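Report on one structure; see the data block that follows.
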Ligand SMILES: Cc1ncc(COP(=O)(O)O)c(C=O)c1O
C-alpha cells in the first residue's frame, strides 16, 4: 500500500509568523506560543487563530485537488518549498497544524502529531512499528492503560513483551533486551520516566544505548519511545538523551485545565511519517476544537508548570515533616547516594509537581485523609491548574494484582498528589486539617 501521509506543514493562506530569532536574538518557546505559525491578517485580523470547525476544505480547481492528494498520499514527492494543501480534517486541519508546529518548539523536535488521547498516541505509534512475532521491551510500572494494551491487546496481534523495573542506572534494560532478543525480533522499546505513581526513574541514555546495540537486527535497530507525560515538555527533553519518539498525554500538563483529552507524538520526521500514515487511516487525530483549546493552554504552559513546580516543593516539605507521613517520593528529595540520583541530575530539569507519599496506616487511613480534603480535589489525572489527589492501589492501579502492586512499590497507604497553581499556604492548610482528622 502506498503511504498516505497527509503531511501538510501549512496551507499558504495560513502560513504566518515563523520567526525563530530577531536580530540574532533567539526567541524563547514561551514567546513563540503566542504567535508562531499563524498570521492574523489571513483570518480577518483575529488575534487568536479561529476554530476551523470543518470536516473538509474546498479546492479552487479540480487540478489543485488532484495535486493536494498526490502529495498527501505520497503519489509524488513534494517539490522544493511546496506547501501541501488542506484536504479533509482527518488528514489535516489548520488548528492541528499550528498546534503541532508549536509543540515541537519546547524540545526542538522536527515533527509532531496530535491525537485524540494519550492512549491513542501510544497505541497508534506502537502499531506503526510492531509486527507479528515482535517483542516489545518496556519499563515497569507504566500507566495502567498502557499496561493493559501491552498485556491484553498486543498479544492478539502476535506481539509479546519483556519488562524491566524502573530505578537505578538502567542495568536491567540490558538484561531485558538480551531476553527479548533470544525470543525474537525486538520491535520497539517503550519507557515511562518518571514512572506513575512511584516516580521511579529510567535512564533514557541507557535505553538508547540498548536500542542501538540491536543495529544488526534484520530491518535495523528498534526505536526508543519515552512517555514524557509527567515532566514534559518543560522539565525533561528525551530527544536530547537519545530517544527517538516522545509520547504525551496532552490531557495533563499541556492541556492543563482538566477540560480536554488529547495526546501527542514527537520525533524526527523519518520516524513520525509512518505514525502519521497510521493516524490518517485509524482516524486517531484530535478535533479542531480540542486543538484550539490546546493552543490556548500552551500560552500559559511555562507559567503554570513553574508555579506548580514551586508549590509542589512547599507541599512535599510540609508532608515530609508531618508525623503521620511515612515517606514522600518527591524527586527533589533524592539523596546524593540514591540509585536514581545520577539519572535525575542528568535528565530532569526539575522535580515537577506530581508525586506520591505514604502515610502511617493503610487504605482506611488513606481514605479518611482523602475524604477530609476541602480544597484539593479527590480525582484521578494530573497536571491541571487545580490540585488533585487519589489512591493508586484502589483507583488508577486497581487492575494491577496486589503482589505486582507490592513489587512496584504501590502500598495501601500510598496517595498521589498533582499540585496545582493555588496559593501554597492554602494547600498546606488543607492537607494539615485533613491529616489532623485522619
Ligand atoms: C503517564 C501517562 N501516559 C498516558 C496516559 C493516557 O493518557 P490519556 O488519558 O490522555 O489517554 C496517562 C493518563 O493518565 C498517563 O498518566
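Values in this text are rule-based calculations from the coordinates and carry no lab data. Everything numeric here is computed off the predicted structure, so don't read it as measured data. FYI the Cβ positions are ideal-geometry reconstructions off the backbone, even for glycines, and counts take in every protein chain you see.
Decide, for the stretch 156-284, between rounded, prolate and oblate: order the square roots of the alpha carbon gyration tensor eigenvalues as a ≥ b ≥ c, take rounded if a/c falls under 1.5, and otherwise choose prolate if a/b is larger than b/c, else oblate.
Verdict is oblate for the stretch 156-284.
Which residue, 166, 23, 335, tops the fluctuation ranking in a GNM of the chain built on C-alpha contacts under 10 Å?
23
Over the stretch 242-313, what is the relative contact order in percent, taking alpha-carbon pairs closer than 8 angstrom and at least six residues apart?
Computed over the stretch 242-313, the figure is 32 percent.
Let me have the relative contact order for the chain, percent, based on Cα pairs under 8 Å that are six or more residues apart.
Contact order relative to length: 16 percent.
What residue among 141, 401, 233 shows peak mean-square fluctuation when the chain is described by a Gaussian network model with Cα springs under 10 Å?
Comparing 141, 401, 233 in the GNM, the peak value goes to 401.
Using only Cα atoms, tell me the angle between helix 424-436 and the longest principal axis of the chain; keep it within 0 to 90° and round to the nearest 10.
With both axes taken from Cα atoms, the answer is about 40 degrees.
Please compute the alpha carbon radius of gyration of the stretch 237-323, then divide it by the globular-protein estimate 2.2 N^0.38 Å. Two decimals is fine.
In units of the 2.2 N^0.38 Å rule of thumb, it is 1.40.
Compute the acute angle (0 to 90°) between the alpha-carbon long axis of helix 94-103 and the principal axis of greatest extent of the alpha-carbon atoms of the chain; round to the nearest 10°.
50
Jot down the radius of gyration and Dmax of the stretch 15-124, Cα atoms only, both in angstrom.
Cα only, the stretch 15-124: 15.7, 44 Å (Rg, Dmax).
Kindly provide the Kirkwood hydrodynamic radius of the stretch 146-216 in Å, to one decimal, from all pairs of distinct alpha carbon atoms.
12.9
For the stretch 53-203, what is one quarter of the convex hull surface built on the Cα atoms, given in nm²?
12.1
Cα centroids of the stretch 313-382 and the stretch 137-204: how far apart, whole angstrom?
Rounded to whole Å, the Cα centres lie 24 Å apart.
Largest first and in whole Å, give the semi-axes of the stretch 292-438's equivalent ellipsoid, each being the square root of 5 times a Cα gyration tensor eigenvalue.
Gyration-tensor ellipsoid for the stretch 292-438: 23, 20, 17 Å.
At what distance in nm do the modelled label points of residue 213 and residue 25 sit from each other, each positioned 7 Å from its Cα along Cα→Cβ?
Rounded to a tenth, the inter-label distance reads 4.8 nm.
If you take the square roots of the eigenvalues of the alpha-carbon gyration tensor of the stretch 17-81 and sort them as a ≥ b ≥ c, do you get rounded (a/c under 1.5), prolate (a/b over b/c) or oblate?
oblate
Just to confirm my numbers, what's the Cα centroid distance between the stretch 226-283 and the stretch 25-62 in Å?
21
What angle, in degrees between 0 and 90 and rounded to the nearest 10, separates the Cα long axis of helix 118-129 from the longest principal axis of the Cα atoms of the chain?
Long axis of 118-129 versus the principal axis of the chain: about 60 degrees.
Taking only DSSP H segments of four or more residues, each worth -39500 (n - 2.57), what value at 222 nm results for the chain once the sum is divided by all its residues, to the nearest 500 deg cm²/dmol?
Dividing the helical sum by the residues of the chain leaves -10000 deg cm²/dmol.
In a GNM of the chain with a 10 Å cut-off on Cα contacts, which of 213, 418, 381 has the highest mean-square fluctuation?
Answer for the Gaussian network model of the chain: 213.
Just the C-alpha atoms of the chain: what Rg/Rh do they give, with Rh taken as the Kirkwood radius?
Rounded to two decimals, Rg/Rh equals 0.99.
So what is the orientation-averaged projected area of the stretch 193-256, using the convex hull of its C-alpha atoms, in nm²?
Average projection, Cα convex hull of the stretch 193-256: 4.7 nm².
Quick one: compute the contact order of the stretch 248-290, relative version, from alpha carbon pairs under 8 angstrom and 6+ residues apart, as a percent.
Once normalised by length, the contact order is 31 percent.
Roughly what % antiparallel, to the nearest 5, for the DSSP beta bridges in the chain?
Antiparallel: roughly 55 percent of the beta bridges in the chain.
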